[in-house]
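Beneath this line is the structure, given in structure tokens, with notes to follow.
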Ligand code: CAO
């Protein structure tokens, strides 16, 4: 057993730092590198990680406390043998026992000397030491062309452990940003060019010196090294600079990342931002409770809880997830619980998804199939000998193919983002088949390339396979349009549900003899009810009416299918 003291690390300044959040409690098990507390100085927030795996023995500080480098934060009881290497490291470094990542809050280092600056006195600045880690640019709060004062934040960077604001070392006007929001940067990368004020501009370095006596030495060393490198490679530096200008257009501050938590106007540490991102919480919606209006993890949890509560208070008559309250029906009489078959359960999910996501409209029409039915009966007798049943459905599918060629939009799918229509050059037609195990939709591939007889034959084969539970997944995939026929059963009309990702489905009800006026007299005609449901995002009502009418005309005079 070895007790490790975890202390406040060097925060790059002699100034006191605030303990804004304690992420663990006594007795917690932690892994090496787990964040323990969040410290915040005027310019940086730092998560102090565990130097080794172990158990939190005691916490020696309180949230809100003001601390100095070396102050004891907590004691970690490390039992894990695997961490012995780290323990040795720690004991060799007793001054900074368990010293975590240190974030230097240096101002932007200047990468070119004054002599390199052009006549407009433009200076280029690089990313300062940010604890040797790569960081992401999460905010560029000033726009190109805007004035900037010394110490004003030029960029906000976020590494795995810290959020760091890079302040301006000079006052002037932003000439260009050489990085974009979201870009990863390292120490020494040029990131901004500033047109320095000629009259009465505050010199960055003197200002910085008075601000940060302790970190001045290393910061200046690093700056002068950077400047030295830049001046020996003046030409290269200038060339890189101009290339960078061309390749990396300046990013105005108004250009925000799509990440919900890139807002630097919100004060929050990396762990809090990570948590907010995981939960999809926009930080600027959260009421902060930490010092200096800092958002804490508890604030996020409170926000999520209150959002959930307010949602649950809203009427939930229709649940988009299909979750409705369970009801105990046995309280009113005897019941029998029958689990849904796999097919039924699968269909239920698919039908529900289509029902709630697709704006459905159903167009009704009637087709006069008097002649078609007479013809079908005539040839049915011929094909009966060949054991092929020429069904009305086969003619319907053939007619649908001809109509799809005339109205290609009905043979399409909407892309997931709803911005693109995928038009298909093939015609695979599905048909709803009622089986003892539930509804399935086998697909006749390239139905447009097949004759009515071939379609009829395939319909018979697929229907038998469906009833015998022998359909393969491929037999039911890739459909472009579906036909659901209830004609063999009865009914006058119904509203079928679009078989997503298709955009339309034809429902067919039972044909019946009806008196139809032929301008001179009523004539008995065999009328077939058609019900076309369609996705109104893709298909307009007028086109649906045209499609259905066209279909009816094809069925009334089937010779037209040959044209
Ligand atoms: N009008 C009048 N009679 C019809 C008809 C119609 N529209 N469609 C079929 N019939 C008659 C046929 O003439 C046949 O009669 P005979 O046996 O006297 O010849 C009888 O009904 C059975 O028809 P069929 O054998 O030709 O079968 P089908 O091609 O109509 O249907 C199939 C095959 C697989 C589609 C069907 O068995 C089925 O499962 N239908 C149900 C589909 C379903 O459940 N849809 C709802 C899904 S939810 O949208």
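Among the residues of the stretch 380-405, those that are near the ligand (Cβ under 10 Å from one of its atoms) and assigned to a loop (DSSP other than H, G, I, E, B) comprise 389, 390, 391. Only strands (runs of 3 or more DSSP E) whose full extent lies in the stretch 120-217 are considered here, and the ones with at least 2 residues that are within 26 Å of residue 266 (Cβ to Cβ) and modelled with pLDDT under 85 are 135-139, 153-158, 162-167. The set of residues from the stretch 20-40 being crowded, with 16+ Cβ neighbours inside 10 Å and over 34 Å from the mean Cα position of the chain (by Cα) is empty.
Has the stretch 453-468 got any residue that is touching a residue at least 24 places away in the same chain (Cβ under 8 Å) and in a loop (DSSP other than H, G, I, E, B)? No - not one qualifying residue is present in the stretch 453-468.
Can you list the strands (runs of 3 or more DSSP E) lying wholly within the stretch 486-557 that have 1 or more residues being touching a helix residue (DSSP H, G or I) at 6+ places or on another chain (Cβ under 9 Å), under 24 Å from residue 347 (Cα atoms) and more than 13 Å from the ligand (Cβ to nearest atom)? Walk me through it before giving the result.
Details: elements: 504-508, 512-517, 522-535.
Answer list for the stretch 486-557: 522-535.
Is there a residue in the stretch 358-371 that is farther than 30 Å from residue 455 by Cα, at pLDDT below 95 and within 32 Å of the chain's Cα centre (by Cα)?
To start, the set of residues in the stretch 358-371 that are farther than 30 Å from residue 455 by Cα comprises 359.
Now narrow it down to the ones that are at pLDDT below 95: none.
Taking every residue of the stretch 358-371 in turn, none turns out to be farther than 30 Å from residue 455 by Cα, at pLDDT below 95 and within 32 Å of the chain's Cα centre (by Cα).
Taking the stretch 282-309 as the range and being in contact (Cβ under 8 Å) with a residue 24 or more places away in the chain, closer than 16 Å to residue 23 by Cβ and under 22 Å from the mean Cα position of the chain (by Cα) as the test, only 300 passes. Number of residues in the stretch 4-18 that are without any contact (Cβ under 8 Å) to a residue 60 or more places away in the chain, assigned to a loop (DSSP other than H, G, I, E, B) and under 11 Å from residue 39 (Cβ atoms): the value is 1. When the stretch 518-547 is filtered for residues that are surrounded by 18 or more Cβ atoms within 10 Å (Cβ to Cβ) and within 23 Å of residue 357 (Cβ to Cβ), the ones remaining, listed by number, are 531, 532, 533, 534, 535, 538, 539, 544, 547.
Collect the residues in the stretch 461-473 that are within 9 Å of the ligand (Cβ to nearest atom) and either within 20 Å of residue 350 (Cα to Cα) or surrounded by fewer than 16 Cβ atoms within 10 Å (Cβ to Cβ) (or both), keeping them in residue-number order.
First, pick out the residues of the stretch 461-473 that are within 9 Å of the ligand (Cβ to nearest atom): 462-463, 466-467.
466, 467 - these are the residues of the stretch 461-473 that are within 9 Å of the ligand (Cβ to nearest atom) and either within 20 Å of residue 350 (Cα to Cα) or surrounded by fewer than 16 Cβ atoms within 10 Å (Cβ to Cβ) (or both).
For the stretch 408-438, a tally of residues being outside any strand (DSSP E or B) and either under 29 Å from the mean Cα position of the chain (by Cα) or under 17 Å from residue 498 (Cα atoms) (or both) returns 14.
Pairs are defined by a Cβ separation below 7 Å, a sequence spacing of at least 6 or placement on different chains, a first member in the stretch 409-431 that is closer than 29 Å to residue 466 by Cβ and outside the structural domain of residue 475 (by TED's automatic domain parsing), and a second member that is part of a loop (DSSP other than H, G, I, E, B) and within 16 Å of the ligand (Cβ to nearest atom); no pair meets this definition.
Let's see how each residue does on (1) within 16 Å of the ligand (Cβ to nearest atom); (2) surrounded by fewer than 20 Cβ atoms within 10 Å (Cβ to Cβ):
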| residue | (1), (2) |
| --- | --- |
| 422 | no, yes |
| 426 | no, yes |
| 436 | yes, yes |
| 451 | no, yes |
| 454 | yes, yes |
| 459 | yes, no |
| 475 | yes, yes |
| 478 | no, yes |
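State all residues of the stretch 45-57 that are surrounded by 24 or more Cβ atoms within 10 Å (Cβ to Cβ) and in contact (Cβ under 8 Å) with a residue 60 or more places away in the chain; if no residue qualifies, say none. Answer for the stretch 45-57, where residues must be surrounded by 24 or more Cβ atoms within 10 Å (Cβ to Cβ) and in contact (Cβ under 8 Å) with a residue 60 or more places away in the chain: 45, 46, 47.
The values are calculated or read from the model by the stated rules, or taken from the named source; none is laboratory data. Note that this is a predicted model, so its numbers are computed, not measured. Every residue, glycine as well, gets a Cβ built from its backbone with ideal geometry; the counts of neighbours run over all protein chains shown.
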